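Here is the structure we will look at.
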Protein chains: 2
Amino acid sequence: MKHIINAQSGKAVHLKKGDILTVIDPQGMQVSDMVLFNARDVKEKLSSGKTLDFEASILLTTGNYLWSNRSNKMMKILEDTNGRNDFLLAPCSKETFEIMYNNPDDHPSCLANLTTNLEPYGIVQDDIPTAFNIFMNVQFTNTGKLSVLPPTSQAGDYVKFEAQMDVLVCLTACSAEDSNGGTFKPIHFKVEPQQ
Amino acid sequence: MKHIINAQSGKAVHLKKGDILTVIDPQGMQVSDMVLFNARDVKEKLSSGKTLDFEASILLTTGNYLWSNRSNKMMKILEDTNGRNDFLLAPCSKETFEIMYNNPDDHPSCLANLTTNLEPYGIVQDDIPTAFNIFMNVQFTNTGKLSVLPPTSQAGDYVKFEAQMDVLVCLTACSAEDSNGGTFKPIHFKVEPQQ
């Protein structure tokens, strides 16, 4: 069954260990922030620091695992048709728009969308970790300078994950102009049992 | 007053807004993992994702700020005589030694030392964020591959921070062989009021 995340919104879903999650960019050039929690104990959650450490890479794609703050594998990346994701930058928040975009007006954000969709599971905003930013195109120079470019993903590109534990996933269709070339588009995803 | 963190241990200290913290590598080639919490509400804490986002750099040195998960400035780096620190990798933990060093024996770790020293303040292990790893020499290639090299810090090198809020700091003298060239040494620090 295909789920649709409307532009500038988010959705949470439970996976069983072994389930396959496919996150699809249906129109191209859109980012989806993904956070993960152990479905049986939400204090265990996705960790960028542990993942970069164990995978020994800033860039993560097919064959890499996403790890928890308790050093357990949460997801394996089975396929990645685009090949560029980010695990450095935090989900965009209202402060992102105030500080980086000089936009103090009310603006949807990934952090707000993650919070709204995770609150029913007892997770509050302070507990939301750095997200795995699917399709996000963050470039770095050899001196470490970071820049956010439009995603290289084209319509139909997807990343396929295999759950390594029972996991609560929350995904967004990103709300930040820099992340998606100034367009706001939906994200689709599918959950299938292991075959 | 100079504080001494013995090899493979840690210490916590409170700073008032404006206080100056100087973290010193007294013998050279040693790493100190640092985590920060809002002293008035420890749910607000250091965030690598927010810091890399707002500072637009993987490498942080003089002039950069360390930011919280609530998008507030926690520390300003006033001076950095060595110039190489890491904010990508998680504090070493017992799993670091089991998984990356193939060492299942009991081994001190930064995560255990942070936990022990933060427990009196109501902070548990799951709540410890990715640390700012002072003097840690993590190199990355243009394809994002990471490697941990011995620190370039020499005896007496230091990093000086100015607290941007009342902050609870925890520091370690790192326990991981790769981070310090296989040596285990102390870390010194000083806290001084703003002048």
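The values are calculated or read from the model by the stated rules, or taken from the named source; none is laboratory data. Computed from a predicted model, the values in this text were never measured in an experiment. Methodologically, a virtual Cβ is constructed for each residue, glycine included, from the backbone with ideal geometry; neighbour enumeration extends over all protein chains shown.
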What single numbered condition from (1) in contact (Cβ under 8 Å) with a residue 60 or more places away in the chain; (2) within 13 Å of another protein chain (Cβ to nearest Cβ); (3) not in a helix (DSSP H, G or I) fails to hold for A:GLN139? (1)
Going through (1) in contact with a helix residue (DSSP H, G or I) (Cβ under 9 Å, 6 or more places away or on another chain); (2) within 14 Å of chain B (Cβ to nearest Cβ) one by one, A:PRO151 fails only at (2)
Collect the residues in segment B:151-195 that are within 22 Å of A:GLY49 (Cβ to Cβ), surrounded by fewer than 24 Cβ atoms within 10 Å (Cβ to Cβ) and modelled with pLDDT under 95, keeping them in residue-number order. B:GLU177, B:ASP178, B:GLY181, B:PHE184
Tell me the residue from B:LEU78, B:LEU46 that is modelled with pLDDT of 95 or more, over 16 Å from B:THR172 (Cβ atoms) and more than 10 Å from chain A (Cβ to nearest Cβ), please. B:LEU78
Restricted to segment A:107-136, and to residues that are free of Cβ contacts under 8 Å to residues at least 12 places away in the same chain and not β-branched (Val, Ile, Thr), which residue is surrounded by the most Cβ atoms within 10 Å (Cβ to Cβ)? A:ASP126
Members of segment B:128-141 found to be under 20 Å from B:SER175 (Cβ atoms) and not small (Gly, Ala, Ser), listed by number: B:ILE128, B:PRO129, B:THR130, B:PHE132, B:ASN133, B:ILE134, B:PHE135, B:MET136, B:ASN137, B:VAL138
Is there a residue being more than 10 Å from every other protein chain (Cβ to nearest Cβ), over 30 Å from B:GLU98 (Cβ atoms) and of a type in the set (Lys, Arg) anywhere in segment A:81-91? yes
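For segment A:114-130, how many residues are within 11 Å of chain B (Cβ to nearest Cβ) and of a type in the set (A, V, I, L, M)? Talk me through it step by step, then tell me what you get.
Taking segment A:114-130 first, the residues within 11 Å of chain B (Cβ to nearest Cβ) are A:124-130.
If we keep only those that are of a type in the set (A, V, I, L, M) too, we end up with A:124, A:128.
So the count comes out to 2.
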Can you tell me which residue is farthest from the other protein chains (Cβ to nearest Cβ) among those in segment B:60-70 that are in contact (Cβ under 8 Å) with a residue 24 or more places away in the chain and crowded, with 21+ Cβ neighbours inside 10 Å? B:LEU66
Some residue of segment A:162-170 being in a loop (DSSP other than H, G, I, E, B), closer than 16 Å to A:SER9 by Cα and touching a residue at least 12 places away in the same chain (Cβ under 8 Å): no
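Right, B:THR96: among the β-branched types (Val, Ile, Thr), within 14 Å of chain A (Cβ to nearest Cβ) and buried (at least 24 other Cβ atoms within 10 Å of the Cβ) or not?
yes
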A:LEU111, sole failed condition from (1) facing another protein chain (nearest Cβ under 10 Å); (2) under 14 Å from the mean Cα position of the chain (by Cα); (3) in a loop (DSSP other than H, G, I, E, B): (3)
Could you count how many residues in segment A:1-47 are of a type in the set (Gly, Ala, Ser) and not in a strand (DSSP E or B)? 5
